[in-house]
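Quick notes on the structure that follows.
None of the figures in this text is laboratory data; all of them are computed from the coordinates on show. Since we're looking at a predicted model, the values are computed, not measured. Using ideal geometry, Cβ is built from the backbone for each residue, glycine included, and neighbour counts are taken over all protein chains shown.
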Amino acid sequence: MTSILTNGGAISALQTLRSINSDMAETQGRVSSGLRVQTAADNAAYWSIATTMRSDNMALSAVSDSIGLGQAIADTAVAALDIVIESLDAMKWLFVSARSMEPIDITDFSYYGMTYFPEDGAEKRVDPKYAGSLLQKLDEDMLQHIMAINNAVDSASFNGVNLLAKPKDGVDLDDAFAATFVTGYAPGDIQTLRLKSRDFVLFNDNFANYGTIAEEDTNAGILDADINIMAQLPDGSTWWTSAPIDLFHSTFSDQPYDNVGINVIYDLEAVISMSGFTRDSAYEYFINEFEKKIQGVVSAQAKLGAVQHRLEMAGEFNSDLRNAYTSGIGRLVDADMSEESTRFKALETQQQLGIQALQIANSNSDNVVALFR
């Protein structure tokens with residue numbers, strides 16, 4: 001049936017063309033955005049999963065930043081410990097050298113220890129019998145290593161975190177943590193790595209605040225405590241001396257200070273003279289105790305090496321996890337550009353054919369007019 005009021009062919013062609021145009025718009029959106037699921041209306045389930053995974057991926061990105069910060073802090077501390085161990089080894093060599101030298105005839109013990117305690121360190125006068133001796137030259141070299149250790153520890157700070165030095169805050173060493181690093185994230189669970197101060201702190205400014213020797217020893221950092229010598233007397237018996245030998249970090253009136261200006265070897269010789277110890281046994285005990293401090297620092301560096309390795313593994317795992325999340329999101333919502341380009345080309349052809357079909361359908365009315373001529 002031919003009608004001048006209703007053109008069924010044109011209506012059908014127009015409906016087909018509208019459908020093709022709608023498909024083309026959808027395909028164009030996928031091509032321009034690279035996504036086949038852009039909104040919840042496209043696919044509610046996939047959009048919801050992808051949105052959640054993107055949020056988790058952002059959290060993992062923050063974890064990567066935290067791991068990088070932790071690695072920088074650990075690397076800084078390890079670099080400082082390299083200097084500390086190098087200086088400690090040099091100091092041990094100086095003690096061994098001092099043992100083989102002629103002793104000083106010390107009779108005036110007023111030069112032993114510190115003379116006064118300014119805020120920036122310790123000062124002392126020099127015994128005239130000691131001045132210019134070979135032992136004094138060793139002490140001058142010793143002082144440079146002590147200052148190098150102090151400077152290395154003080155400088156081992158990154159972003160305000162120093163694993164090797166604990167400020168005066170009244171917190172017991174066993175209860176304190178040097179740092180806490182975020183190393184991982186699972187939905188609803190942040191994974192952290194906490195470093196105990198006990199394992200890494202060389203100098204603890206709090207150890208001066210305690211009233212008993214036991215409490216001070218408990219809160220002393222690895223290099224804090226002085227050395228009290230137990231050595232042999234000429235009759236073969238052994239005894240403790242109550243005269244401590246300070247090395248790096250000491251206290252006076254409950255205030256910590258760096259031993260700037262200290263003469264360690266002279267003090268060791270003075271303690272030997274005051275106590276009547278045999279020189280060899282005193283040096284042997286002192287060097288053994290000093291070796292314990294070296295091993296304490298070596299242990300701290302070994303633990304830091306383990307921390308570095310753990311952070312490295314955490315960083316690699318976190319990177320792999322982020323890549324897996326990104327790939328998973330892509331599988332859910334990314335458009336297949338090869339498929340979309342082929343589809344777009346086909347829709348272009350269909351659109352052209354649809355326009356031609358509509359033109360043909362619209363020409364039917366001209367045929368009706370021709371019948372009445």
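A few points about this structure:
- Applying 1/(1 + (r/R0)^6) with R0 = 56 Å to the Cβ-Cβ distance of ASP235 and GLU140 gives a FRET efficiency near 0.95.
- Reachable lysines, given that their alpha-carbon falls under 23 Å from the alpha-carbon of LYS292 and they are not under 8 places away in the same chain: LYS92, LYS166, LYS196, LYS303
- Förster radius 45 Å - calculated FRET efficiency between GLU26 and SER157 (Cβ-Cβ, nearest 0.05): 0.20
- Virtual spin-label span in nm between ASP174 and GLU291, 7 Å along Cα→Cβ: 2.8 nm
- ASP108 paired with THR326, simple spin-label distance in nm, labels 7 Å along Cα-to-beta-carbon: 7.5 nm
- With the simple model of a label 7 Å out from the Cα in the direction of the Cβ, PHE317 to ASP75 spans 2.2 nm.
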